[in-house]
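Coordinate-derived values only; no laboratory data. These figures come from a predicted structure and were not determined experimentally. All Cβ positions, glycine included, derive from the backbone under ideal geometry; neighbour counts span all protein chains shown.
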């Protein structure tokens, strides 16, 4: 079974369209027979993703730091909950478990996870597909900034191939399939410009 790492928000105050797309993504992933690893939270898009996976008989693993469990932020009904000590351990383990990464809309934690994954891919630490689910154009400013970094020679043109942008949950699995094996495992040799 392939595992998809999903980065997403814990906010409960966001627009319904983000919840709807997240629920649909969980349904699609579960019905395709894939599992999900995510940050283990119970609220916002994290909770919606987990609940959708579980409601569709999917396997969902949460990875969460102990301090968040102490605050009772974890989802209590997951297939598996892995408790780690630090945020760094959490991100590293999620990436190690993943065959692909999907970023849903989120705040600074989600941005940081996505940018770290792109950086790891640039450095050849990971080579798995990274899909940005750009619901309602949410990630347009970040995509513009990434493209500007390439235009202004902070990254190479080839680095555009590190991620793919889709606009709907239905496009995620095809994008992962199309981008499997498209990144050179020797990327470190051309990481710098």
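In terms of the Cα gyration tensor, with a ≥ b ≥ c the square roots of its eigenvalues, is region 124-193 rounded because a/c is under 1.5, prolate because a/b exceeds b/c, or oblate?
Numbers: a/c = 3.15, a/b = 1.23, b/c = 2.56.
It is oblate, given that a/c is not under 1.5 and a/b is not larger than b/c.
Going by alpha carbons, how many degrees (0 to 90, nearest 10) lie between the helix axis of 108-122 and the longest principal axis of the chain?
40
Where in region 45-60 is the amide nitrogen less than 14 Å from a point lying 7 Å along the Cα-to-Cβ axis of residue 72?
none
What FRET efficiency comes out for the pair residue 153/residue 178, r = Cβ-Cβ distance, R0 = 30 Å, nearest 0.05? Write out the running numbers ahead of the final one.
Values: r = 28 Å, r/R0 = 0.92.
The value I calculate is 0.60.
By the gyration tensor of its Cα atoms, with a ≥ b ≥ c the square roots of the eigenvalues, what is the shape of region 1-90: rounded for a/c under 1.5, prolate for a/b over b/c, or oblate?
Details: a/c = 1.99, a/b = 1.25, b/c = 1.59.
It comes out oblate by the Cα gyration axes.
Tilt of helix 87-97 relative to the longest C-alpha principal axis of the chain, in degrees (0 to 90, nearest 10)?
Compared with the principal axis, the helix lies near 80 degrees.
So for the chain, averaging the separation of alpha carbon pairs under 8 Å that are six or more residues apart and normalising by length, what relative contact order in percent results?
Relative CO of the chain lands at 22 percent.
Mean residue ellipticity at 222 nm from the helices of the chain, using -39,500 (n - 2.57) per DSSP H segment of n ≥ 4 over the full residue count, to the nearest 500 deg cm²/dmol?
Values: 7 runs with 79 residues, N = 193.
After summing the helix terms and dividing by residue count, I get -12500 deg cm²/dmol.
Compute the relative contact order of region 124-193 as a whole-number percentage, counting only Cα pairs closer than 8 Å that sit 6 or more residues apart in sequence. Spell out each step's value before the answer.
On the way: 71 pairs, mean separation 35.2, N = 70.
Dividing the mean separation by the residue count of region 124-193 yields 50 percent.
First check a/c for the chain, with a ≥ b ≥ c the square roots of the eigenvalues of its C-alpha gyration tensor; if it is under 1.5, answer rounded, and if not, answer prolate when a/b is larger than b/c or oblate otherwise. If you can, show how the numbers build up before the last one.
Working: a/c = 1.61, a/b = 1.48, b/c = 1.09.
Prolate, since a/c reaches 1.5 and a/b exceeds b/c.
In whole percent, what relative contact order does region 75-144 give with Cα contacts below 8 Å and a gap of six or more residues?
So the answer I get is 33 percent.
Rounded to the nearest 5, what % of DSSP beta bridges with both residues in the chain are antiparallel? Don't skip to the end; give the middle numbers.
On the way: 1 of 22 bridges.
Beta bridges within the chain, antiparallel portion: roughly 5 percent.
So, R0 is 22 Å and r is the distance between the beta-carbons of residue 188 and residue 145; what FRET efficiency does that work out to, to 0.05? Show your work: numbers first, answer last.
Values: r = 23 Å, r/R0 = 1.06.
The computed FRET efficiency comes out at 0.40.
What is the fewest-to-most order of 142, 162, 53 by other Cβ atoms lying within 10 Å of their Cβ?
Working: 142 16, 162 22, 53 27.
The most exposed by this proxy come first: 142, 162, 53.
When a footprinting reagent is the concern and you count Cβ atoms within 10 Å, what order do 87, 94 take, fewest first?
Values: 87 16, 94 25.
Least to most surrounded, the residues fall as 87, 94.
Quick one: helix 16-31 against the long Cα principal axis of the chain, what's the angle to the nearest 10°, folded into 0 to 90?
Taking Cα atoms only, the helix is inclined about 90 degrees.
Taking the Cβ of each residue in 110, 86 as the centre, tally the other Cβ atoms inside 10 Å and list the residues starting with the fewest. Can you show the working numbers first?
Numbers: 110 22, 86 11.
With the sparsest Cβ surroundings first, the list reads 86, 110.
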